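See structure below.
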Amino acid sequence: QVQLVESGGGLVQPGGSLRLSCAASGSISSINFMGWYRQAPGKQRELVAVITSGGITNYADSVKGRFTISRDNAKNLVYLRMNSLKPEDTAVYYCNAEVRPWRGAAYQTSWGQGTQVTVSS
């Protein structure tokens, strides 16, 4: 069983910044991809950013140049630094990880419970 717990969401004014954190715990042998998704009211969940264990990153076009994803492999942590926030960034942000629970097992996808980010004046 793998648990992902997000933190760092909240209310911020347009142009402001937030940093989200996600900690993975439980049965973990290795983690491949870690990423952040978001879901706004009435919209589908979408990829925001993803990072491999080797540090290769990929971003949604809408956040390129404003958001930065990073991870601490030793501590099973992933971060999302969000700058120049816009009202359209308002959403529930979910942490996602592809985890191998023990050596030789297949990778499994795990999700956090989500953290609300609201960008409003």
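Quick rundown of the values:
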quantity: Cβ-derived FRET efficiency at R0 25 Å, Ala105 paired with Val5, nearest 0.05; calculated: 0.70
quantity: Where Glu98, Glu6, Glu46 fall by accessible area, highest first, once all protein chains stay in place (1.4 Å); calculated: Glu46, Glu98, Glu6
quantity: Longest to shortest principal axis, alpha-carbon extents of region 61-121, angstrom; calculated: 49, 21, 21
quantity: Choice from Trp111, Trp36, Trp102 showing the highest fluctuation, given a GNM over the chain with Cα pairs closer than 10 Å; calculated: Trp102
quantity: Gaussian network model of the chain, springs between alpha carbon atoms under 10 Å - residue of Ala24, Ala106, Ala40 with greatest fluctuation; calculated: Ala106
quantity: Spatially proximal lysines relative to Lys86 (Cα-Cα < 19 Å; intrachain offsets below 8 disregarded); calculated: Lys43, Lys64
quantity: For region 3-65, convex hull of alpha carbons as volume per residue, Å³; calculated: 122
quantity: Residue order for Asp89, Asp72 - accessible surface, 1.4 angstrom probe, largest first; calculated: Asp72, Asp89
quantity: Normalised per residue, the volume of the convex hull around the Cα set of region 1-119 (Å³); calculated: 93
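The values are calculated or read from the model by the stated rules, or taken from the named source; none is laboratory data. In this text the structure is predicted, and so the values were computed from the model without any measurement. With ideal geometry, Cβ positions are generated from the backbone for all residues, glycine too; neighbour counts draw on all protein chains shown. Just the protein is used for accessible areas: all its heavy atoms, side chains included, with ligands, DNA and RNA removed. Shrake-Rupley method; radii C 1.70, N 1.55, O 1.52, S 1.80 Å.
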